[in-house]
Every structure is written in C-alpha cells, then in structure tokens.
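S.K.: Take a look at the following structure, please.
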Amino acid sequence: MNLILLGAPGAGKGTQAKRIEEAFSVVQLSTGDMLRAEVKAGSPIGREADAIMKGGQLVPDSMIIGLIDARLDRDDCRGGFILDGFPRTLPQAEALDAMLQKKGLKLDTVVSIEVDDEAMVGRISGRFTCAKCGEGYHDSFKPTKAAGVCDVCGATEFTRRADDNAETVRKRLKAYHAQTKPIIAYYDRRGLVQRVDGMRRIDEVTEQVISALRPKT
Ligand code: AMP
C-alpha cells in the first residue's frame, strides 16, 4: 500500500504515520526528517535548507523531489510507503506522479487529516522529542510521567525543533494554505482522498485512519 498523509503542520501526520507503519508494515518517508538529517550532517542540501526551514518557508521543489526520488528506490519501500510531508506543492504532486509511473508504482490513497489552524499553534509550540528513542511529547497535552525522563526508554535528553515556535508556526500554516491545500483538489479529482477529523484524541484519529485504509468489503 502506497499512501500520502496530508494535513496542516501539527495535524499529527508524523504520529499517525508511525502507527500506520506498525499496522500495515509500510515505511514512513518524512521529508521534514530527511531535511533535518541533512541539516545535522551539514551537507550542501542541509546548509541551503536550514535558514528556509527556520523561516517557516518551503524548500525548493527540485531539492525535495530529488531526495524523494532517490529514497523511493531503496529496498525498504518495496512493501509500501507513507509519504509524510510530501508532496507539498502542485509541482511536487505532478513530479510524484511522473516518478511513480517511471518506477512502475501506484498511489493507493491520500488521507487528509483535517484540523483547525488556531489549535495547531498551541499544539506545535509545546512539542518536544526524546533525543534517544524519538518518542514525541507535549508540555500540556502529553508530558513525560516523571519530569525530565522519557516514559519509553528512560533517557533524560530531549530536543525541540527550531521551527516549532508560535511565529514560525503561523508562517508554516500560511504556506500550507497557499501551497499545499490546493493539492487536495488535485487528488480529489481522482477520487483518492479520504478525510479524517484530526481534532479528536490521537487514538480516535488512528482508528479513523486505519478504517480508511482497510479494504472496503
Ligand atoms: P515537517 O517536518 O514536515 O513539518 O517539515 C519541516 C520543514 O521542512 C517545512 O516547514 C519545510 O521548510 C521543509 N519541508 C519538508 N517537506 C517539504 C516539502 N515537501 N517541500 C518543501 N519543503 C519541505
């Protein structure tokens, strides 16, 4: 199964992608994670992307299309993949179609996680992640059980994304509405989009996503 997860920043794409990975044995391809890895490694792509990401803008289409094109050729994508954070513009969606056709692959579903913008500012601003195992937390909605200790692996180091502050989140939401939202209509025309209510509790969103992905009898 090959699918795209769409949704505004903070809609919960990453959280739901991890759960879909487990439920359907497919691999999550997060372009945000790929870019953050490039920034950390100090590669030429990372050096170019760093300031753009910190400013809440989108990196150039050509940069991200090249990364995804190469990533889809890796063996772990053979069992299916979840695109998390890609495509984010119409040219990216068109490039994805061309690249899937070239590789003999097909898109099965587009899941759109629908949320209210204002709630996203609060949701994103308090996010942090365990530096060791990657478990995600939130200052208000999902704090660690013991202060400063990861519930999952016991580590005591955490990271916060440089672009997870209220000012940048508003810019990211603006970019989402201007550049990404139009691609829902692009996939709607092909009958591929399934919408879920992303304002519900995380487990309830997962239930909706999983039922959207199960073959209909
Ligand atoms: P994310 O982790 O998906 O929220 O992405 C973080 C940031 O990485 C975005 O705000 C963009 O600056 C950049 N980014 C990630 N995916 C893309 C994409 N498909 N196109 C352009 N920029 C992207």
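The values are calculated or read from the model by the stated rules, or taken from the named source; none is laboratory data. Since the model is a prediction, treat every value here as computed from it, not as a measurement. Here Cβ is always computed from backbone atoms with ideal geometry, including for glycine, and neighbour counts include all displayed protein chains. What goes into the accessible areas is simple: the full protein's heavy atoms, side chains included, and nothing from ligands, DNA or RNA. Shrake-Rupley method; radii C 1.70, N 1.55, O 1.52, S 1.80 Å.
S.K.: Compute a Gaussian network model of the chain, connecting alpha carbons closer than 10 Å, and tell me which residue from Gly80, Gly122, Gly148 fluctuates the most.
M.R.: Gly148
S.K.: As I understand it, the dipole of the chain uses +1 on the Cβ of Lys and Arg and -1 on the Cβ of Asp and Glu, about the Cα centre. Which of Leu29, Ile184, Leu83 lies farthest toward its positive end?
M.R.: Ranked along the dipole, the leading option is Ile184.
S.K.: Restricting to Cα pairs below 8 Å that are 6+ residues apart, what does the relative contact order work out to for the stretch 121-217? Please round to a whole percent.
M.R.: Details: 79 pairs, mean separation 20.5, N = 97.
For the stretch 121-217, the relative contact order is 21 percent.
S.K.: Now for a different question. Evaluate the charge dipole of the chain about its Cα centre and quote only its size in Debye, nearest 20, assuming +1 on the Cβ of each Lys and Arg and -1 on the Cβ of each Asp and Glu.
M.R.: 120 debye
S.K.: Obtain the nm distance between the two label points defined at Glu167 and Val27 by a simple spin-label model: each point lies 7 Å from its Cα along the Cα-to-C-beta direction.
M.R.: 3.8 nm
S.K.: In whole angstrom, how long is each semi-axis of the equivalent ellipsoid of the stretch 136-197, when you take the square root of 5 times every eigenvalue of its Cα gyration tensor and sort them from largest down?
M.R.: 34, 17, 9
S.K.: Determine the shape class of the stretch 1-125: with a ≥ b ≥ c the square roots of the Cα gyration tensor eigenvalues, call it rounded for a/c under 1.5, and otherwise prolate if a/b is greater than b/c, oblate otherwise.
M.R.: Details: a/c = 1.58, a/b = 1.11, b/c = 1.42.
Verdict is oblate for the stretch 1-125.
S.K.: Tell me the net charge near Arg47. Cut-off is 14 Å between Cβ atoms, Arg47 excluded, with +1 for each Lys or Arg and -1 for each Asp or Glu.
M.R.: Values: positive: Arg36, Lys40, Lys54; negative: Glu38, Glu48, Asp50.
Result for the neighbourhood of Arg47: 0.
S.K.: Measure off, as a whole percent, the carbon and sulfur share of the 1.4 Å-probe accessible area of the stretch 1-142, all protein chains present.
M.R.: It is 51 percent, rounded to a whole number.
S.K.: Something else about it: With a ≥ b ≥ c the root eigenvalues of the C-alpha gyration tensor of the stretch 89-138, is it rounded (a/c under 1.5), prolate (a/b larger than b/c) or oblate?
M.R.: Since a/c reaches 1.5 and a/b is larger than b/c, the shape of the stretch 89-138 is classed as prolate.
S.K.: Which loop-located GluC sites (Glu not before Pro) does the stretch 68-133 contain, where loop means any DSSP state but H, G, I, E or B and the Cβ has at most 11 other Cβ atoms within 10 Å?
M.R.: none
S.K.: Using a simple spin-label model with points 7 Å from Cα along the Cα→Cβ vector, what separation in nm is obtained for Thr159 and Asp117?
M.R.: Using points 7 Å along Cα→Cβ, the separation is 3.0 nm.
S.K.: Continuing with the same structure: Taking the simple approach of a point 7 Å from Cα along Cα-to-Cβ for both Ala41 and Lys216, what is their distance in nm?
M.R.: Result for the modelled spin labels: 4.2 nm.
S.K.: Before anything else, pin down the relative contact order of the chain: Cα pairs under 8 Å, at least 6 apart, normalised by residue count, whole percent.
M.R.: It comes to 29 percent, rounded to a whole number.
S.K.: What are the semi-axes of the equivalent ellipsoid of the chain, taken as the square roots of 5 times the eigenvalues of the Cα gyration tensor, listed largest first and rounded to whole Å?
M.R.: 26, 21, 18
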